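Right, one structure below, let's go through it.
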Amino acid sequence: MTPSPILESHRSFNFSSGPAVLPVEVLEQVRNELLDYRGTGMSVMEMSHRCKAFDEILEQALAGIREALSIPNDYEILFLQGGASFQFSMVPLNLALPQQPVDVIHTGNWTKMAIEEMKRLTVAHVVSHSTESTNFATLPDLTHYHPAANTSYVHLCSNNTIEGTQFKTFPKTGAIPLVCDMSSDIFSRPLDVSQFGLIFAGAQKNIGPAGVTLVVIRKDLAERAAKNLPTLMQYRSQIVAGSRYNTPPTFGIYICGLVMNWLKAKGGVTAIEKANAEKAALIYDVLDHSAGFYDSPVPQSVRSPMNLVWRIAPGASNQEALEAAFVKEAASQGLHELKGHRSVGGLRASLYNAQPRAGVEALASFMREFARKNG
Ligand SMILES: Cc1ncc(COP(=O)(O)O)c(C=O)c1O
């Protein structure tokens, strides 16, 4: 897969938090294979999810994922549907033990949503750490964290997409499974999967298109679920069926496989972590050297390289007008989707794996120029 400068030049720089930018090489390959997938005479969209060609697509996507994160053999990889949000219900339905609480490390909007679902399901839960009092701008120090012995599992979000924070290390929870929502930073850095009982992620940031949900689960944990849970809500059934209990999101899975090939060609998660850190540093550097024009609320030690959030001219009466002007002017220069999440306002740039460095450089120079003109 060689990049096409022609196609690339017609693409805008897209800083959306998800669905997000995909590697142009992957899109080109999809385009080339769209009408006739490798001599089958049909599109992947049109083929049976049980045909030989799709068997290979699925196997290849699974192998790519396993290799990228060195996932041990006692973990199953599942392609599910319902988005990461469905996992907010599916995880407690399968892993919460009767009268044994789930411990939530509450660090933002997406753990709030997970807690809401636990409440609906009347799953016992505790919030042992919350950073709500800092508007979720910080993360708790979990160095000395030990969940209580009767905890069903610990729920944590590795990267807070809206608030722009990222855990750099994970707590050691011993025999108690650690469940991690990795929607917005999976495949962005090396990971010791054996620290986790279950990892889930919506595909639409670092894996592929919307509509696929990735779950990596330690096999024994799937046996916790009550046998009378609805079939599609059990990890167990999808493990037995190899993610094909029913029709899976075939086209999305195909693209996830291509993204894994692309990641491997880029040098895998170790190389991409370095590239991501360099891209993020370009923007954080502007934020930190703007003489107060820009303000990042997140302390350096927990800043996310995936989702960078900031405000303009904190305290100024024209703050919102300046931020609106920033978004509009940026878009007029081909830099799109820079508005912060509607729940927090401000500005946000998502710099996932596939975000080209050229886009980040263009954004950094636009930011400098905007500050010069309006500061
Ligand atoms: C960390 C995190 N968790 C969960 C979700 C929800 O994902 P979905 O829309 O796939 O349900 C998102 C979406 O942006 C997210 O960033």
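FYI, it's all coordinate maths here, none of it is from the lab. Since this is a predicted model, take the numbers as computed values, not measurements. A quick note on method: Cβ atoms are made from the backbone with ideal geometry, for glycine too, and the neighbour counts reach across all protein chains shown.
A few points about this structure:
- Computed label-point distance, nm, for sites residue 358 and residue 10 using a 7 Å Cα→Cβ extension: 1.5 nm
- Unsatisfied cross-links (Cα-Cα over 25 Å) in the set 112/274; 266/328; 279/339; 172/205: 112/274; 266/328; 172/205
- The chain, relative contact order [Cα under 8 Å, separation at least 6], %: 22 percent
- For segment 26-265: rounded, prolate or oblate by the Cα gyration tensor [a/c cutoff 1.5]: prolate
- Relative contact order (%) - criterion: Cα under 8 Å, at least six apart; region: segment 268-374: 30 percent
- Simple label model, 7 Å out from Cα along Cβ direction - residue 150 to residue 56, nm: 5.5 nm
- Straight-line cross-link partners of residue 373 among the aspartates and glutamates, defined as a Cα under 14 Å from its Cα and at least 8 positions apart when in the same chain: 323, 329.
- Once the Cα-Cα distance is subtracted from the 0.36 nm per residue extended length, the residue 300 to residue 121 segment shows a gain of 60.7 nm.
- Of the trypsin sites (Lys or Arg not before Pro) found in segment 204-283, the ones in coil according to DSSP and having at most 14 other Cβ atoms within 10 Å of their Cβ are 227.
- FRET efficiency for residue 264 and residue 175, using Cβ-Cβ distance with R0 set to 56 Å, rounded to 0.05: 0.95
- Full-extension gain in nm, residue 210 to residue 49, via 0.36 nm per residue minus C-alpha separation: 56.1 nm
- What the Cβ-Cβ distance of residue 281 and residue 332 gives, at R0 = 25 Å and to the nearest 0.05, is a FRET efficiency of 0.45.
- Label-to-label distance, nm, for residues given as residue 100 and residue 219 (7 Å Cα→Cβ offset): 2.1 nm
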